[in-house]
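Take a look at the structure set out below.
The values are calculated or read from the model by the stated rules, or taken from the named source; none is laboratory data. What you see is a predicted model, and the numbers here were worked out from it, not measured in a lab. No Cβ is skipped: glycine too gets one built from the backbone with ideal geometry, and neighbour counts run over all protein chains shown. For accessibility, only protein heavy atoms count, side chains too; no ligands or nucleic acids. Shrake-Rupley method; radii C 1.70, N 1.55, O 1.52, S 1.80 Å.
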Amino acid sequence: MPNTKTSKLAVNKSAEEPVAKPTVPASMDATPPGVDTEALAMEISEYVAEKITTMMDKRFGDLSDTLDNITTRLESNTKRITEAESRVSEAEDNMSAMESRLKGLETRVCALTERSIDIEGCSRRDNTLLNLETKQGIIKIDRAHRSLAPPKPNRSRAVIIKLHNPRDKMRILAAAKEKGQVIHEGQTIFIRQDLASGVKEMRRAFNGVCPRLIVIDIRFSMRFPATLSFSHGGKSHSFHSPKDALAYLDGLS
């Protein structure tokens, strides 16, 4: 028979023995006593906010610098594009002006070509009119234009012609002088040497001498620029001064 008392005692002992609780390490323990948790949380929040603010400021600063560089480049490119557009516009204006000038020059070339053809035709007719023999039947003309002097009543303005060969000029003047009166299509044509205004004034000074030579039938010529020459009494005489020429004529009477 089992020992009931002993078993009872063993059971009672087990029931009265306390149950051991699990221990928590000190590092994992809750907030130490005496610490203000709210202040600690505030301090941690401020620290984290400061770090985030510093980081964001740096990031925004870098982004601002990048945007400034992009803005500077855009402004530079805009300025260059504006300058390029201005140059293109100026070039287009110049092209337009050049086109207008080119059209004007084309018109002038056409007019000058027509005048050249007309002058060549006139020169061929005048060669026949003056009985001149020229190479290939033409006289080369460098240019021709109307005189700038105002026209006289019932008379056309003079036409000034620059011949290429000076000898052709002398031949034309000699032929016109020999012919006396040159008439073309019912109009009298006067052919004279074109002289500078100063030379003309010097020659006009002999206007009182030339008529007297004509009266006494003395042929004379005027050498350039203003030298009166004639032959009389078997001698050749030349006068640079109208006064000396008049004195000589006075001595003949």
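Conditions (1) open to solvent by 100 Å² or more (accessible area, probe 1.4 Å); (2) in contact with a strand residue (DSSP E or B) (Cβ under 6 Å, 6 or more places away or on another chain); (3) under 30 Å from A144 (Cβ atoms), marked per residue:
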position: E38; (1), (2), (3): yes, no, no
position: I44; (1), (2), (3): no, no, no
position: D57; (1), (2), (3): no, no, no
position: T72; (1), (2), (3): no, no, no
position: E90; (1), (2), (3): yes, no, no
position: N94; (1), (2), (3): no, no, no
position: G104; (1), (2), (3): no, no, yes
position: E114; (1), (2), (3): yes, no, yes
*Name the single residue, out of those in region 218-238 being touching a residue at least 24 places away in the same chain (Cβ under 8 Å) and hydrophobic (A, V, I, L, M, F, W, C), that is farthest from M170 (Cα to Cα).*
A226
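Just the residues that are of a type in the set (A, V, I, L, M, F, W, C) and in contact with an Asp or Glu (Cβ under 9 Å, 6 or more places away or on another chain), please, taken from region 142-195.
As a first pass, look at region 142-195 and keep what is of a type in the set (A, V, I, L, M, F, W, C): 144, 148-149, 158-161, 163, 170, 172-176, 182-183, 189-191, 195.
Across region 142-195, the qualifying residues are A158, I160, I161, L163, I172, V182, I189, I191.
State all residues of region 174-200 that are among the β-branched types (V, I, T) and open to solvent by 70 Å² or more (accessible area, probe 1.4 Å); if no residue qualifies, say none.
Matches in region 174-200: I183 only.
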*Considering A226, A158, which residue is over 26 Å from H240 (Cα atoms), open to solvent by less than 70 Å² (accessible area, probe 1.4 Å) and either modelled with pLDDT of 80 or more or among the acidic types (D, E) (or both)?*
A158
